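Have a look at the structure below, then the notes.
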Amino acid sequence: MNFIEARKLVHEYIRRDEEDNVESILTALDGVDLDVKQGEFVAVLGHNGSGKSTLAKHLNVLLAPGGGTLWVDGKDAEDADNLWAIRQSTGMVFQNPDNQIIASVVEEDVGFGPENIGVPTAEILKRVEKSLKSVGMIQYREHSPNRLSGGQKQRVAIAGVMAMEPKCIVLDEPTAMLDPNGRREVLEAVEQLNREKGMTVILITHYMEEVTGADRVYVMDNGKVVMQGTPRAIFSQVDTLKSYRLDVPQITLLAYELRKAGLAIPEGILTRQELVEALCRLY
Amino acid sequence: MLRDITIGQYYPAESVIHKLDPRTKLMATLVYILSLFLFRNVAGFAAVTFWLLLVIRMSKVPFGYMVKGLKAIVIILVITVVFNLFLTPGETLISFWKLRITEEGLRNAVFMTVRLIYLILGSSILTLTTTPNQLTDGLEKSLKPLNKIHVPVHEIAMMMSIALRFIPILIEETDKIMKAQLARGADFESGNLVKKAKAMVPLLVPLFISAFRRANDLALAMEARCYHGGEGRTKMKPLKYKRVDFIVYLAVAGYFAAVILLRRF
Amino acid sequence: MSIILDKVNYVYSEKTAYEIHALKDVSLKISDGEFIGIIGHTGSGKSTLIQHLNGLVRASSGGIYYNGEDIGDDDFNRKELRSKVGLVFQYPEHQLFETTVFADVCFGPKNQGHSRKQSELKAFTALRSVGLPEDYWYRSPFELSGGQKRRAAIAGVLAMEPEVLILDEPTAGLDPKGRDEILGLVAGLHKERRMTVILVSHSMEDVAKYVGRLIVMNRGSVMYDGTPAEVFAHYQELEAVGLAAPQVTYLMHELRGRGIPANGTATTLEEAKQSILQAFSEKCR
């Protein structure tokens with residue numbers, strides 16, 4: 001069985017007026033199928049309001065499925081008894097770095113999760129140290145989060161999840177509020193966790209540059225999964241992506257334009273290096 | 001504008017005071033505050049001053065940094081001085097127009113000012129040397145007996161520590177909102193009281209909306225990290241008294257006795 | 001008409017442990033009708049710089065002149081300056097507060113002392129020019145999507161009819177389409193109204209595509225000031241301070257290194273495309 005298996009997942013936000021009559025129904029997830037294997041790096045792309053955040057919140061059971069089935073780590077997400085086990089095995093990092101740091105000292109924040117699940121004191125200290133090291137923030141352990149940069153705050157948040165020793169980490173637009181350096185820091189930390197610790201990563205974003213390193217990409221629109229495949233396969237469909245309010249990295253777009261203009265460049269160029277090589281071969 | 005407030009901020013340093021058990025610091029602060037309202041002569045004043053300076057020195061927090069925190073209470077200080085100076089009956093020292101300053105008034109004004117300043121300085125040592133989490137841990141543990149009469153001690157402590165974490169963030173946000181509205185020609189300063197109160201609406205609405213949003217986000221983040229109340233929770237830094245705590249308790253007791261004794265002179 | 005900055009310095013929390021020299025001897029001349037991009041790291045001083053331009057922050061030393069008048073003078077009307085130099089902050093959530101979008105946009109003109117009717121007229125024009133569909137005008141601003149909120153916030157400043165429009169990272173957090181729409185709107189305002197526009201951005205690709213002049217801030221100083229092509233010619237120096245040129249600029253240099261005569265000053269996708277196609281067609285001839 002896959003680590004995450006969602007079948008025909010549905011979620012509706014129902015708005016009611018004062019008399020409890022249904023005013024409007026917004027279908028945020030509309031029959032989503034998702035399969036993620038242990039150790040995979042999966043990216044979920046989609047414009048704002050495409051349902052990708054709603055999907056993320058299901059993986060950690062912050063939202064309960066309104067229809068369909070969801071299994072995480074071999075456990076049924078609809079069974080209330082599995083709630084804490086799933087939340088421990090699938091950690092979550094949110095968009096706003098300020099709104100997810102609970103404590104006023106970095107290391108105390110990282111210790112918050114283990115405290116909640118009743119880890120003994122000596123073990124918490126070990127985990128905190130290990131997690132902070134794994135995101136390169138150990139030298140800030142006694143600092144206040146308020147004076148850290150956005151990228152550093154997000155790495156603290158990742159360490160806070162790591163300290164719970166999850167098998168999978170879901171990141172819901174972790175870089176949307178960061179500057180380019182912060183984005184790079186966070187992305188490098190995440191890729192390293194995936195590569196070196198075999199952590200399963202689900203990255204939700206609308207920055208196309210961030211998903212080139214993913215094993216697989218899902219594209220969402222209007223609550224549905226509309227495309228899935230390797231980054232190369234996805235990025236070779238420039239016009240389809242544009243119709244979903246998305247974009248491709250500048251280099252991919254240039255390769256696409258050159259191809260349209262008649263140069264025999266292969267489809268789905270992802271990096272600058274690839275384009276240089278392709279052009280040199282033609283020249 | 002608002003970034004100068006130091007009350008409630010933690011100042012990281014390696015000092016004896018920083019390492020004390022928060023319960024010890026809470027008790028010492030309580031005794032100190034009590035002593036402020038007990039001294040009534042220069043000798044008592046000297047003892048309190050000596051104690052305060054000693055503790056500030058030991059805390060390794062720069063004195064200038066602490067004094068900056070006083071800016072926030074300047075208005076209260078001025079009001080205190082004016083009230084005491086002019087409204088205390090007694091021997092007239094100077095009088096002009098309809099006002100007169102009495103000897104008792106002067107004395108009261110000086111003592112009250114000193115008390116207020118010392119109160120802020122003393123209690124800011126507590127917050128500057130104790131992380132909010134330690135502080136709330138200390139309160140939680142000291143107040144644990146109240147659990148028996150169904151006071152949700154853990155929840156209150158958690159709320160306090162979150163409030164402390166978000167105060168600087170909200171202050172900064174207020175600053176940003178203020179600037180955004182100033183850029184649209186808002187005026188927070190001129191006009192009478194009603195007009196001023198009305199001018200706050202464009203500031204308060206975005207601030208409240210943001211605060212609610214943050215609260216909502218934070219609740220989700222806490223749940224995602226398996227927070228489910230105080231039950232079954234362990235502590236990363238459990239409170240344990242060390243030898244130095246007992247020494248400090250003795251010193252505090254000695255200090256308190258000295259202040260009481262000095263009242264006789 | 002122009003804004004001149006003469007050796008402007010700004011120091012935060014002076015004489016404390018947290019003292020920050022946010023601006024160091026910044027001298028600039030901003031002329032009428034320019035479209036300027038400002039880039040730099042968080043903390044490079046770019047936000048502080050733009051807040052000086054409308055008098056929200058007062059320089060610690062140096063002079064700022066708006067049309068020849070010193071804005072630091074005691075009798076200079078800074079409130080009026082703020083309606084001439086419109087500043088849209090990064091998060092629209094920080095300024096939207098009224099019950100409807102329309103009422104919110106009226107806030108600026110009302111503060112300027114216009115009558116209700118005049119204010120509404122200005123709000124009407126401003127909302128039109130940002131392209132927010134009329135269905136949204138009488139809804140609560142908090143129901144809007146991220147991109148629509150930006151539009152409402154920009155309208156709120158445009159309604160004051162400023163001569164200069166400054167936008168602090170107007171595309172942060174928007175999806176690619178939303179980003180293009182907002183930048184297109186800003187470029188349109190510059191083009192159609194000949195408005196002076198200053199755009200603070202993190203995205204090299206975005207500024208290269210739109211602006212005529214680029215100012216790079218680093219550690220409180222102006223590091224480069226010129227056309228995008230001039231500035232990005234220093235791509236190695238930019239890299240040394242942790243900034244970068246657009247991806248295509250690197251590509252062009254790498255192609256030249258491999259013997260393809262690509263144009264090293266190309267900074268936009270269109271320029272790069274033309275230059276590569278030209279290189280190939282010349283080869284065939």
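The values are calculated or read from the model by the stated rules, or taken from the named source; none is laboratory data. Quantities reported herein were computed from a predicted structural model and do not represent experimental measurements. Note that we place each Cβ from the backbone using ideal geometry, even for glycine, and neighbour counts take in every protein chain shown. Ligands, DNA and RNA are stripped out before the accessible areas are found, and what is left, the full protein with its side chains, is counted by its heavy atoms. Shrake-Rupley method; radii C 1.70, N 1.55, O 1.52, S 1.80 Å.
Quick notes on this one:
- Among the criteria (1) assigned to a helix (DSSP H, G or I); (2) within 10 Å of chain B (Cβ to nearest Cβ), the one residue C:122 does not fulfil is (2).
- 2 or more residues under 22 Å from residue B:51 (Cα atoms): qualifying helices (runs of 4 or more DSSP H) within the stretch B:63-182: B:63-68, B:103-129
- The lone exception for residue B:183 - which of (1) in contact (Cβ under 8 Å) with a residue 12 or more places away in the chain; (2) buried (at least 17 other Cβ atoms within 10 Å of the Cβ) it fails: (1)
- Lone unmet requirement of (1) closer than 30 Å to residue B:24 by Cβ; (2) not in a loop (DSSP other than H, G, I, E, B) for residue B:221: (1)
- The residues of the stretch C:259-285 that are part of a helix (DSSP H, G or I) and either of a type in the set (Ser, Thr, Tyr) or more than 10 Å from every other protein chain (Cβ to nearest Cβ) (or both), listed by number, are C:271, C:275, C:278, C:281, C:282, C:284.
- All positions within the stretch B:100-152 that are crowded, with 20+ Cβ neighbours inside 10 Å, over 21 Å from residue B:168 (Cβ atoms) and in contact with an Asp or Glu (Cβ under 6 Å, 6 or more places away or on another chain): B:102
- Only residues that are more than 14 Å from chain B (Cβ to nearest Cβ), of a type in the set (Asp, Glu) and either buried (at least 19 other Cβ atoms within 10 Å of the Cβ) or under 27 Å from residue B:196 (Cα atoms) (or both) were counted in the stretch C:148-169, giving 0.
- From the list A:205, A:200, A:240, the lone residue that is farther than 30 Å from residue A:84 by Cα and out of contact with any His (no Cβ under 7 Å at 6 or more places or on another chain) is A:240.
- Among the candidates A:83, A:70, A:55, A:29, residue that is part of a helix (DSSP H, G or I) and surrounded by 21 or more Cβ atoms within 10 Å (Cβ to Cβ): A:55
- Scan the stretch B:161-180 for residues that are at the interface with chain C (Cβ under 10 Å from one of its Cβ atoms), open to solvent by 20 Å² or more (accessible area, probe 1.4 Å) and without any contact (Cβ under 8 Å) to a residue 60 or more places away in the chain and the total you get is 2.
- Taken over the stretch A:242-267, residues that are under 23 Å from residue A:217 (Cα atoms), touching a helix residue (DSSP H, G or I) at 6+ places or on another chain (Cβ under 9 Å), open to solvent by 10 Å² or more (accessible area, probe 1.4 Å) and without any contact (Cβ under 8 Å) to a residue 40 or more places away in the chain amount to 8.
- Test: residue C:178 is within 12 Å of chain A (Cβ to nearest Cβ), outside any helix (DSSP H, G or I) and either over 21 Å from residue C:53 (Cα atoms) or open to solvent by 20 Å² or more (accessible area, probe 1.4 Å) (or both): no
- Hits in the stretch A:120-147 (condition: of a type in the set (A, V, I, L, M), more than 13 Å from chain B (Cβ to nearest Cβ) and free of Cβ contacts under 8 Å to residues at least 40 places away in the same chain): A:137, A:138
- Residue in the stretch C:76-95 that is away from chain B (no Cβ under 14 Å), open to solvent by less than 50 Å² (accessible area, probe 1.4 Å) and touching a strand residue (DSSP E or B) at 6+ places or on another chain (Cβ under 8 Å) present: yes
- Test: residue A:239 is open to solvent by 10 Å² or more (accessible area, probe 1.4 Å) and within 12 Å of another protein chain (Cβ to nearest Cβ): no
- Restricting attention to the stretch B:216-240 and to residues that are more than 7 Å from chain A (Cβ to nearest Cβ) and surrounded by fewer than 13 Cβ atoms within 10 Å (Cβ to Cβ), the residue that is modelled with the highest pLDDT turns out to be B:216.
- Search result, residues across the stretch B:23-45 that are in contact (Cβ under 8 Å) with a residue 24 or more places away in the chain, over 18 Å from the mean Cα position of the chain (by Cα) and assigned to a helix (DSSP H, G or I): B:43, B:44, B:45
- Scanning the stretch A:116-158 for residues that are hydroxyl-bearing (Ser, Thr, Tyr) and in contact with a Gly (Cβ under 9 Å, 6 or more places away or on another chain), we see that the one that is most open to solvent (accessible area, probe 1.4 Å) is A:149.
- At least 2 residues being over 19 Å from residue C:251 (Cβ atoms) is the threshold, and among the helices (runs of 4 or more DSSP H) wholly inside the stretch A:228-283 those reaching it are A:231-235, A:238-243.
- Residue match in the stretch A:106-113 (condition: within 21 Å of the chain's Cα centre (by Cα), among the β-branched types (Val, Ile, Thr) and within 8 Å of another protein chain (Cβ to nearest Cβ)): no
- Some residue of the stretch B:143-157 being within 11 Å of chain C (Cβ to nearest Cβ) and either under 19 Å from the mean Cα position of the chain (by Cα) or within 30 Å of residue A:111 (Cβ to Cβ) (or both): no
- In the stretch C:228-243, the residue that is nearest to the other protein chains (Cβ to nearest Cβ) out of those that are small (Gly, Ala, Ser) and surrounded by 15 or more Cβ atoms within 10 Å (Cβ to Cβ) is C:229.
- Residue under evaluation residue A:214, criteria (1) surrounded by fewer than 22 Cβ atoms within 10 Å (Cβ to Cβ); (2) more than 9 Å from every other protein chain (Cβ to nearest Cβ), criterion not met: (1)
- Which numbered condition residue C:145 fails, given (1) surrounded by 20 or more Cβ atoms within 10 Å (Cβ to Cβ); (2) free of Cβ contacts under 8 Å to residues at least 40 places away in the same chain: (1)
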